[in-house]
Amino acid sequence: MSYLVMEVHPAYAVVLDQEGRFYKVVNFHYQVGQRVEQVMPLRQPQPLRRPLRRLAPLAAAACICLVLLGGYRFHYLTYGVLRIQINPDVELSISRSERVVGLEGINEDGRQLVDGYDYRGKSRDTAVEELVERAIALGYLSDGDTISISVSSQDDDWQQQEEQLVRQQLQDRYGDTVVISIGPRPAAPPSEQSQVVIPVVPSGTEDQNQNDDGNDDDDEDDQDDGRDNEQVPEDPSVLVPGTVSEPGRQETNTQTDDRDDDDDRDDDGHDDDDDQDDWNSNDGHDDDGEDD
Amino acid sequence: MVRTQHEIVSQVYQAKADPEAADGLIRQYMGFIRSEVLKSAAPTHGGPPEDELSIAMAAFYEAILGYERGRGAFLSYAARAIRNRLVDHYRRESRHSGQLSLNVPREEEGSEELLDSIPDSRDEIEARDLQEASRKEIAEFGRQLAAMGISFSDVAESCPRQSRTLAACHRVLAHARANPHLLERFVRSGRLPVSELALGSGTDRKTMERHRNYLAAILLAFTNGYEIIREHLRQMTSGEKGGRM
């Protein structure tokens, strides 16, 4: 390609190529009318990237929106539902950040308990504690009664963790006066029936559970009865599925309940000890035999 | 200090619009350009860096065209432009690093350069005559363009860069050449008969308006008298005919 130099300036030259294009090129001491084989064209000035700059606030706004949305999800959307059954049956919707975002009474007493209670902006801890306090104040909950907690969420880990936290909280606060159980109370499938039983001194002032208290004089008997009464409706449902572990566990529960009033855990520990003793003795016997 | 900055910024903005002012500004800042070249010139390059200086001046001119107020101080912007351009140049040149320059002095005869030992096949006198004739014709061409208020710089700036647009402009040219009365009217009035050309060539009016200066120049080149320029452009028209028909 040959270029005809049309005009020269100190810094550049205008050339015409053979296809009719005019260029500004670097002027390597060209002269008008000269033909050159190679040129170094000037570069087009690139406009400031204003569009991007104009988009910048938009992008920032989008980021903020995302963050806010995340925060909203974290703080205001229901992540799991905590159900508390005393006698009043209430359901708390809880967000990921453990804020109460909804409160509903399931049965008549529950509605009464919830009525007029402002849950908004309260944490799960506070709300649970205040609700239980309310239940006590309204006379729904008395010593020796059972609080059943159940948490349902799509996140299994979160669900278990939450159940443990609530149980721990109530245990610490009311552990020596009421029974706290995990899992829904009525005939629903007994998923996790780990129960915490705490011996309590009967005060006998409440109307709610007066039947039990009135019938029995003994603490232990009272405890047993309470438990038996509770487990009566569950027994058939447990037996029907015919799982191996559940009935066994149930049996040990009932057996140990008769014997002592400690926690399930203690019961299990006791059984385990027995088993281990057996194993040990067996081993010893075998060893002896080999030695012989 | 602030005042001088303001002054140079307004000078630059003036130079953007006016090639004469740009030339003046470049002459005024030759010292600055030279110092920038010396700062970044490769030390291995013997002799005065003529090419580098040319490139740096062009880069300074590019900086004038590309400068905007939002880009900071002009001189530092220009210095950066020059340095970038020179770095690009050195990289491109490094491709030839294994080769010997023709400008290296020969070993035997002290003053002569290697270039002088190559037999010159060109006919110097004929070439000079042709260049002189070209120069005269181009000068006349430039005068006639200037009469229409168009400089070569304007033409270069309005020249289509996309081959599709270029082809569209050439269609306009072909239509004008097929209808000599349009060319005649253009030469007489100094104004492009845009509507007729647009209608006849099927090129968008807007495209024609955008490249008006270029079209004026290229149409003018195909009026009578510009034999050398037309000869130079022979490839374009012949290629067009061969390609189209």
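The values are calculated or read from the model by the stated rules, or taken from the named source; none is laboratory data. Computed from a predicted structure; not experimentally measured. Methodologically, a virtual Cβ is constructed for each residue, glycine included, from the backbone with ideal geometry; neighbour enumeration extends over all protein chains shown. Please note that ligands, DNA and RNA were not included when accessible areas were found on the heavy atoms of the full protein model with its side chains. Shrake-Rupley method; radii C 1.70, N 1.55, O 1.52, S 1.80 Å.
Of A:D125, A:D176, A:D89, the residue with the largest accessible area leads and the full order is A:D176, A:D125, A:D89 (1.4 Å probe).
Converting phi to 3J(HN,Hα) with the Karplus coefficients 6.51, -1.76 and 1.60 and the offset θ = phi - 60°, the range A:97-109 yields 8, 6, 9, 7, 10, x, 9, 8, x, 8, 10, 4, 4 Hz in sequence order, with x at every glycine or proline. Amide H contacts of A:Q18: A:S2, each under 5 Å away and 5 or more positions distant or on a separate chain (H built 1.01 Å from N in the peptide plane; Pro and chain starts excluded). For B:D204 and A:D115, a Förster radius of 56 Å and the Cβ-Cβ distance give a FRET efficiency of 0.15, rounded to the nearest 0.05.
Separation of the range B:156-170 and the range A:148-176, taken as the distance between their Cα centroids, equals 76 angstrom. Between the residues A:A59, A:A137, A:Y30, the greatest Cα displacement towards the positive end of the dipole of the range A:1-138, with unit charges on the Cβ of Lys, Arg, Asp and Glu, is found for A:Y30.
Close amide H contacts of A:T146 (hydrogens built in the peptide plane, cut-off under 5 Å, sequence separation of 5 or more or a different chain): A:V179. Debye-formula intensities of the range A:51-99, expressed as log10 I(q)/I(0) at q = 0.18 Å⁻¹, are -0.65 (one equal scatterer per alpha-carbon, no solvent). Distance between the 7 Å Cα→Cβ label points at A:A137 and B:S195: 9.0 nm. Using amide H atoms built 1.01 Å from N in the peptide plane, name the residues 5+ places from A:H9, or on other chains, whose amide H lies under 5 Å from its own. Result for A:H9 returns A:V14. Using the Cβ of A:A127 as centre and a radius below 11 Å, the other residues enclosed give a net charge of -1, where K and R count +1 and D and E count -1. Of the residues B:H175, B:S153, B:T203, the one whose Cα sits farthest towards the positive end of the charge dipole of the range B:148-230 is B:T203 (charges of +1 on Lys and Arg Cβ, -1 on Asp and Glu Cβ, taken about the Cα centre). Per-residue Karplus couplings for the range A:55-65, computed as 6.51 cos²θ - 1.76 cosθ + 1.60 with θ equal to phi - 60°, are listed in order as 6, 4, x, 5, 4, 4, 4, 4, 4, 4, 4 Hz, Gly and Pro entered as x. Derived scalar couplings between HN and Hα for the range B:74-80 equal 5, 5, 6, 5, 5, 4, 5 Hz in order, rounded to whole Hz, by the Karplus curve 6.51 cos²θ - 1.76 cosθ + 1.60 (θ = phi - 60°), x for Gly and Pro.
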